[in-house]
Amino acid sequence: MDVLLVQPVKNKNHTINLTPPLGLGYLASSIRKQHNVRILDCVKEGLDLDSFRDYVQKNPTDVIGFNVYSCDIENVKKSIEIVNEINPDIITLAGGPHPSGDPEETMLYLDSLSFAFAGESEKGLPLLLEQLSKKAEKKEFKNIPGLVWKENGKININPKIFVENLDSIEFPSWDLIKLSTYRGGAHGIFTKQFPTAPIIVTRGCPYLCTFCSAHNIVGRKIRHRSIENVIEEIKLLYQKYGIREIHIEDDNFTFNIEFAKEFCRKLINLNLPLTYSCPNGVRLDRIDIELLQLMKKAGFYNIYVGIESGSQRILELMKKNLKIEEITKKIKLIKEAGLEVSGYFILGYPEETREDMEKTIGFSKSLNIDWAQFGAFMPIPGSDILKNEEVKKAVANINWSDFFNTDVPFSPAGITRKELKKIQKKAFLTFYMRPRQIINLIKRARINDIAFILRRITSHIFK
């Protein structure tokens, strides 16, 4: 079959960070020995819904699969309608964070969608295509892991499976992704070198943070690729694709501290002129000084950390399992090791007050961090916070297109969305409009970064 895997059209204000679609690369590798596969990144190609229509008309295919974040859901709905208008025989699929977090509602909202996948689908997608390739034979879907499908008006959700041996999964189809065509750094403004590539070393998250739904996608159990397997991929990226910086996108790269140390030792022995970053964040309670020093020696220069709040009360409501004192201590440790540190913060968590948010803003400035991201709280499908009645009501009327960290899709009781946006602007301005931060920006900025910086400032301050 001919299969098109799509990073969907996004609204213009959602195109700040341009990241190669790692998940689509893995899926392409899982099926390309039996099927013809293409990857279309609508964000990178600058496509809107009209130009997506043109692409589909000019490039006939049998199956179109969309990677769906919550902010994508409305445009994916429109995209599926376009596909069905062009050719109703094209099979449409949806996977990724949103379907994994709420598979039934995804099928109801995307009412003309053929199938969805919840969780990892490197095993399920080949099995689905095998069934769809059958001609006269009866198709059997109930044994395909993670598949969400309709039968006689009923939505069926098959059990997920999480691949135990990650080395059994083939490397992403980097040739289809075309890494050299991506500019800018994922998750943030600056990188040390270009071009960059995202990789994963582990999958799974055992933590209970109420605002997160990662466990729906990758499960609770931590699974590791072998260090040898990861090193082979890094060598391939360096030698064949000219990659000079690696971004480790794991949720829990340092969960097993000894594993992370051994990995860093292998990178040191590899002795390639690569730089490394952890833009998706590491747990502050899963680092020590020896690991940080090894990371620095291996070529890491920046660690992103999930701080989330400067209010201990809110951290406890989030089930973050971190103390303010430990955050301060570990940030100092990272700086002592000679690494940059960037902090992620959440504003507007349910039950949060203005006083709590002021604590977060003040705490961010008290820490010796180089960069800070102040995202508005988002009630992510599949996260435990959706058990909160206040949040449930908000989600029922939510505009999914606002589901982005520069927007304010939700505000806690007693605070309007407009007021929360003002607080977010204040956090951003008071953190960055300090002499040390301005000097840091000037020192790090290159000519190619200027447009990116301006877009980012516009999105946070003037939107």
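No value in this document is a laboratory result; all are computed from the given coordinates. Here the structure is a predicted model, which means the values were calculated and not measured. Using ideal geometry, Cβ is built from the backbone for each residue, glycine included, and neighbour counts are taken over all protein chains shown.
Annotations for the structure displayed:
- Rg and Dmax, both from the Cα atoms of the stretch 348-417 and both in Å, are 13.2, 40.
- Scalar couplings 3J(HN,Hα) for the stretch 109-126, obtained by applying the Karplus form with A = 6.51, B = -1.76, C = 1.60 to θ = phi - 60°, are 5, 8, 5, 9, 6, 6, 8, 9, 10, 10, x, 5, 10, 5, 8, x, 4, x Hz; x denotes Gly and Pro.
- Value at 222 nm in deg cm²/dmol, rounded to 500, when DSSP H runs of n ≥ 4 in the chain each add -39,500 (n - 2.57): -11500 deg cm²/dmol
- Residue-by-residue Karplus 3J(HN,Hα) for the stretch 358-365, coefficients 6.51, -1.76, 1.60, Hz, glycine and proline x: 4, 4, 5, 4, x, 5, 4, 7
- Val395, Val3 arranged by Cβ crowding within 10 Å, fewest neighbours leading: Val395, Val3
- Projecting the Cα atoms of Ile327, Pro99, Leu339 onto the charge dipole of the chain (Cβ charges, centred on the Cα centre) puts Leu339 farthest toward the positive pole.
- Dimensionless Rg/Rh of the chain - Kirkwood Rh, Rg from C-alpha atoms: 0.95
- Amide H contacts of Gly65 (H built 1.01 Å from N, under 5 Å, at least 5 apart or other chain): Leu4, Leu5, Val6, Leu93
- Per the chain, cysteines lacking a partner by the 4.7 Å Cβ criterion: Cys42, Cys71, Cys205, Cys264, Cys278
- Diffusion of the stretch 2-157 by Stokes-Einstein, at 20 °C in a medium of 1.002 mPa s and with Rh set to the Kirkwood radius over alpha-carbon pairs, works out to 137 µm²/s.
- Applying both filters, DSSP loop and at most 16 other Cβ atoms within 10 Å, to the GluC sites (Glu not before Pro) of the stretch 82-181 gives Glu137, Glu140, Glu164, Glu170.
- Along its three principal directions, the equivalent ellipsoid of the stretch 66-187 from the Cα gyration tensor extends over semi-axes of 24, 20, 16 Å, largest first.
- Beta bridges per DSSP, both residues in the stretch 2-157: antiparallel share near 25 percent.
- Neighbour-count ranking [beta-carbon atoms within 10 angstrom, fewest first] of Thr181, Thr275: Thr181, Thr275
- Remark: Lys323, Lys134, Lys77 ranked as Lys134, Lys323, Lys77, counting other beta-carbon atoms within 10 Å and listing the fewest first.
- Residues whose placed amide H lies under 5 Å from that of Tyr304, excluding near-sequence neighbours: Cys278, Gly281, Val282, Ser342
- Low-density loop cleavage sites - trypsin sites (Lys or Arg not before Pro) in the stretch 196-300, where at most 14 other Cβ are within 10 Å (DSSP): Arg220, Lys221
- The gain in end-to-end length when the Glu351 to Asn87 segment is fully stretched comes to 90.2 nm, 0.36 nm per residue minus the alpha carbon separation.
- Taking the square roots of 5 times each eigenvalue of the Cα gyration tensor of the stretch 243-401, largest first, gives ellipsoid semi-axes of 32, 18, 13 Å.
- Between the Cα long axis of helix 227-241 and the first principal axis of the chain there is an angle of about 80°, rounded to the nearest 10.
- Amide H within-cut-off set for Ala372, under 5 Å, with H built and near neighbours excluded: Gly343
- Helix axis angle, 49-58 relative to the chain longest principal axis, alpha carbon, degrees: 40
- Computed from backbone phi, the HN-Hα couplings of the stretch 142-154 come to 6, 9, 8, x, x, 6, 10, 8, 9, 8, 6, x, 9 Hz, rounded to whole numbers (Karplus: 6.51 cos²θ - 1.76 cosθ + 1.60, θ = phi - 60°; Gly and Pro given as x).
- Here the chain carries DSSP beta bridges of which approximately 15% are antiparallel, counting only pairs with both residues inside.
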